Amino acid sequence: MAPRSRQRRHKKPPSSVTPIVVTPPTVVTPVPLTLSKPDPSIDALGFFSLENNVPGLSQLILQKLNMKSYEEYKLVLDGGDSASGFGFRCPQEMFQKMEDTFRFCAYCRALPSGLSDSKALRRCKRCRNVYYCGPECQRSDWPEHRKVCQELRLVAVDRLMEWLLVTGAFVLPSGPWPCLAEVVQGWDTWFSMRRLQLDATLDVVLGSHAMTTLWANIGRPRPDPDVLQDSLKRLLTDALSRPLTLGLGLRALGIDVRKTGGSTVHVVGASHVETFLTRPGDYDELGYMFPGHLGLRVIMVGIDVSAGFTQSTSTSPLEPGTVQLSGHRGLYHDFWEEQVETGQTAHPDLVAAFHPGFHASPDLMEAWLPTLLLLRDYEIPTLITVYSHQELAASLQILEDLDTHITAYGANPFASLKPEQVYSNPNKQPVYCSAYYIMFLGSSCQLDRRQLEEKVDGGV
């Protein structure tokens, strides 16, 4: 039986829950103006922000990717076509055209097509990231750009080095943790624990043929080894941030991972960010965080889960010590009714949402409301991550207005250390994936009622 309050979950948010509109950072290749699905998504909002800041940028991106429409691009992300669908003739062309998608004046927002001389765009020599159509725009922009120039220099290196992860040339260190999991409280202790193994891995990558080939095709000088090593470490934290953040939630919410049949985590609002090019072993570190666990099942649920990632979400028992990844395309409250309530999928021990963005617009809030109320009313331990302190404050206010019982929030010790450039507004402060977390369990109203009942029982 569903909780009685669940009947309210299809209502629109009351006026007191009107979200604070915060333009979210666009940290992945943008999406089209017209979506194939009616459901709003954070990707769609990111696209609108692109057009607002730099009119015509989305079309430029599609053109540089050799795409006639977003549908072609989305087909690749959905797993319906290989990456060769981008049609690049050689690696040099690929890297050049990818760089061209960043070519617009950071001050006046002019695209190459709007300039009499498209070659007039010149890159900042310090960060090698943003472009200007002339010295006047660069001088005028310097008071703002100087605040982020150093971080954007890291971004420029990371987005090239990320190719090593995509191609599999950089394999994440793996294996049982050589110390107690309780000792690993953040990246400092994680790096200390993995130091010997990590040093050997980084040395191999730095001296590899893949690294040499990468920089030979980019057309710019290869940075010093220390710069490249730091970049690899940032990429590593970005790849492991999600599984270790899930571990943080399991640990903080006191979830028993040694129960018979294994434990289940649902990642809601998942998209190609969590599923495109994700490999089966990418979440193994979550398993090593809990030695002796009896199996961990991670199910990605969202309307933009890559088609190639969708697999069976059955309730069959897991092998002890294994981590199983699977996916389901659809809205979570529909998935709940069709899969969880019917017993076809395991009931979650934890639900997580990475950057849900429901604070960003009324449409997104309306789309997320059924899921948020479901999680509240069923009293499911829930973990949410956001990019910034501003998003944290806005999200907390919404969850408080929904009467959720917030158990914890703060800076995430396993936040990604890789800065993310806001695509169409490069001088905006870079953000970091899963920088902050919020955890909630049930309703504050339910909690107050229980406390009252306990007082009444105690007084009888």
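Is it the case, given these coordinates, that T322 is within 24 Å of S241 (Cβ to Cβ) and open to solvent by 40 Å² or more (accessible area, probe 1.4 Å)? In short, yes. Of all residues in the range 178-200, those satisfying the criterion of being open to solvent by 30 Å² or more (accessible area, probe 1.4 Å) and either touching a residue at least 24 places away in the same chain (Cβ under 8 Å) or not assigned by the TED database to the domain that holds P280 (or both) are Q185, F191, Q197.
Somewhere in the range 238-247, is a residue over 26 Å from the mean Cα position of the chain (by Cα) and at negative phi? No, the range 238-247 contains no residue that is over 26 Å from the mean Cα position of the chain (by Cα) and at negative phi.
Conditions (1) open to solvent by less than 50 Å² (accessible area, probe 1.4 Å); (2) of a type in the set (D, E, K, R); (3) in the same structural domain as L172 (by the TED database); (4) modelled with pLDDT of 90 or more, marked per residue:
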position: I255; (1), (2), (3), (4): yes, no, yes, yes
position: T264; (1), (2), (3), (4): yes, no, yes, yes
position: H272; (1), (2), (3), (4): yes, no, yes, no
position: L277; (1), (2), (3), (4): no, no, yes, no
position: G287; (1), (2), (3), (4): yes, no, yes, yes
position: G295; (1), (2), (3), (4): yes, no, yes, yes
position: V298; (1), (2), (3), (4): yes, no, yes, yes
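Scan the range 386-403 and tell me whether some residue there is under 24 Å from D188 (Cα atoms), assigned to a loop (DSSP other than H, G, I, E, B) and not aromatic (F, W, Y). Scanning the range 386-403, I find at least one residue that is under 24 Å from D188 (Cα atoms), assigned to a loop (DSSP other than H, G, I, E, B) and not aromatic (F, W, Y), so the answer is yes. Among the residues in the range 158-172, are any assigned by the TED database to the domain that holds A415, open to solvent by 20 Å² or more (accessible area, probe 1.4 Å) and more than 21 Å from the chain's Cα centre (by Cα)? Among the residues of the range 158-172, at least one is assigned by the TED database to the domain that holds A415, open to solvent by 20 Å² or more (accessible area, probe 1.4 Å) and more than 21 Å from the chain's Cα centre (by Cα), which makes the answer yes.
Only a single criterion out of (1) part of a loop (DSSP other than H, G, I, E, B); (2) among the polar types (S, T, N, Q); (3) within 19 Å of V265 (Cβ to Cβ); (4) open to solvent by 20 Å² or more (accessible area, probe 1.4 Å) is not satisfied by T345, namely (4). Identify the residue in the range 201-237 that is part of a loop (DSSP other than H, G, I, E, B) and touching a residue at least 24 places away in the same chain (Cβ under 8 Å) and, among all such residues, is nearest to Q92 (Cα to Cα). Applying the filter and picking the extreme gives G219.
Do we find a residue being in a strand (DSSP E or B), of a type outside the set (D, E, K, R) and open to solvent by 10 Å² or more (accessible area, probe 1.4 Å) anywhere in the range 330-338? Scanning the range 330-338 turns up no residue that is in a strand (DSSP E or B), of a type outside the set (D, E, K, R) and open to solvent by 10 Å² or more (accessible area, probe 1.4 Å). The requirement of being part of a loop (DSSP other than H, G, I, E, B) and surrounded by fewer than 20 Cβ atoms within 10 Å (Cβ to Cβ) is not satisfied by P356.
The values are calculated or read from the model by the stated rules, or taken from the named source; none is laboratory data. These figures come from a predicted structure and were not determined experimentally. Don't worry about glycine lacking a Cβ; one is built from the backbone with ideal geometry, like all the others, and counts go over all protein chains shown. Accessible surface is based on the protein model in full, side chains and every heavy atom, while ligands, DNA and RNA are left aside. Shrake-Rupley method; radii C 1.70, N 1.55, O 1.52, S 1.80 Å.
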